[in-house]
Amino acid sequence: MGRVIERAALAQARAREYAAGRRVVLTNGVFDLLHVGHLRYLQAARALGDCLIVGVNDDASVRAAKGPRRPIVPAAERAELVAGLACVDFVTVFGEPTALELVHLLRPDVYAKGGDYAAPGAAGGKHLPEAPAVLAYGGRVEIIPLVPDTSSTGLIERVLARYGVAGDGHRA
């Protein structure tokens with residue numbers, strides 16, 4: 001079995017991990033233009049348990065969240081790249097606007113998100129819609145600090161600036 005798998009196979013993999021007494025961590029994101037911030041984030045998420053499952057947003061959900069020019073890299077390729085990281089055990093592509101369905105399916109021991117989100121009950125950051133579901137079954141939510149000055153958007157802007165195109169798409 002490959003590491004990029006559909007939901008039915010993912011549920012079976014989760015059942016095997018649970019039966020073996022392993023702590024499962026779930027996280028999700030776009031992972032467009034994979035960079036060191038992504039790597040360090042996923043390594044930190046993996047350190048929270050024994051098995052890391054990553055949900056990668058499909059192309060339509062990325063366009064809905066980030067605009068019509070994203071993603072740069074198609075979902076199948078982003079999933080393959082993430083699955084190729086040593087710290088990642090399984091990857092699945094999902095199209096919903098949040099990972100709530102994955103949380104309900106997998107019931108991870110730990111649900112991890114980046115520091116641009118707020119921990120349940122904390123001020124600041126974006127609201128984490130999956131948190132109430134995770135806490136309701138006794139799971140844990142962990143917020144992982146962001147790596148400063150790393151983002152796909154920032155990377156895109158640097159490439160455009162260095163190669164003579166302004167952020168509005170016109171030549172600089």
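The values are calculated or read from the model by the stated rules, or taken from the named source; none is laboratory data. Just so we're clear, the structure is a prediction, and the values are computed from it rather than from any experiment. FYI the Cβ positions are ideal-geometry reconstructions off the backbone, even for glycines, and counts take in every protein chain you see.
What's the number of the condition residue 21 fails, among (1) surrounded by 14 or more Cβ atoms within 10 Å (Cβ to Cβ); (2) more than 21 Å from residue 114 (Cβ to Cβ)? For residue 21, the failing item is (1). I'd like the full set of residues that are part of a loop (DSSP other than H, G, I, E, B) and either at pLDDT 80 or above or of a type in the set (S, T, N, Q) (or both), limited to the range 135-172. Of everything in the range 135-172, those that are part of a loop (DSSP other than H, G, I, E, B) and either at pLDDT 80 or above or of a type in the set (S, T, N, Q) (or both) turn out to be 137, 138, 139, 145, 146, 150, 151, 163. Number of residues in the range 41-71 that are over 19 Å from residue 116 (Cα atoms), loosely packed, with under 15 Cβ neighbours inside 10 Å and among the aliphatic types (A, V, I, L, M) equals 2.
For the range 85-102, which positions are of a type outside the set (Asp, Glu) and either closer than 12 Å to residue 27 by Cβ or in contact (Cβ under 8 Å) with a residue 40 or more places away in the chain (or both)?
Those that are of a type outside the set (Asp, Glu) and either closer than 12 Å to residue 27 by Cβ or in contact (Cβ under 8 Å) with a residue 40 or more places away in the chain (or both): 85, 87, 88, 90, 91, 92, 93, 94, 99, 102.
For residue 138, indicate whether it is surrounded by 13 or more Cβ atoms within 10 Å (Cβ to Cβ) and out of contact with any strand residue (DSSP E or B) (no Cβ under 8 Å at 6 or more places or on another chain). Criteria not met by residue 138.
Being without any contact (Cβ under 8 Å) to a residue 24 or more places away in the chain and outside any loop (DSSP other than H, G, I, E, B) narrows it down to one residue among 132, 120; which is it?
The match here is 132.
The set of residues in the range 72-93 that are more than 17 Å from residue 113 (Cα to Cα), surrounded by 17 or more Cβ atoms within 10 Å (Cβ to Cβ), of a type outside the set (Gly, Ala, Ser) and in contact with a helix residue (DSSP H, G or I) (Cβ under 7 Å, 6 or more places away or on another chain) contains only 85. Contact annotation: residue pairs with Cβ atoms under 7 Å, 6 or more positions apart or on different chains, pairing a residue in the range 103-117 that is under 14 Å from residue 48 (Cβ atoms) and touching a residue at least 12 places away in the same chain (Cβ under 8 Å) with a partner that is in a loop (DSSP other than H, G, I, E, B) and among the small types (Gly, Ala, Ser), are 108/139; 109/49; 109/139; 110/49; 110/139; 111/139.
Residue 18 fulfils the conditions (1) touching a strand residue (DSSP E or B) at 6+ places or on another chain (Cβ under 6 Å); (2) without any contact (Cβ under 8 Å) to a residue 60 or more places away in the chain; (3) of a type in the set (Ser, Thr, Tyr) except for a single criterion, (1). The number of residues in the range 76-126 being of a type in the set (Gly, Ala, Ser) and either closer than 20 Å to residue 40 by Cα or under 12 Å from the mean Cα position of the chain (by Cα) (or both) comes to 11.
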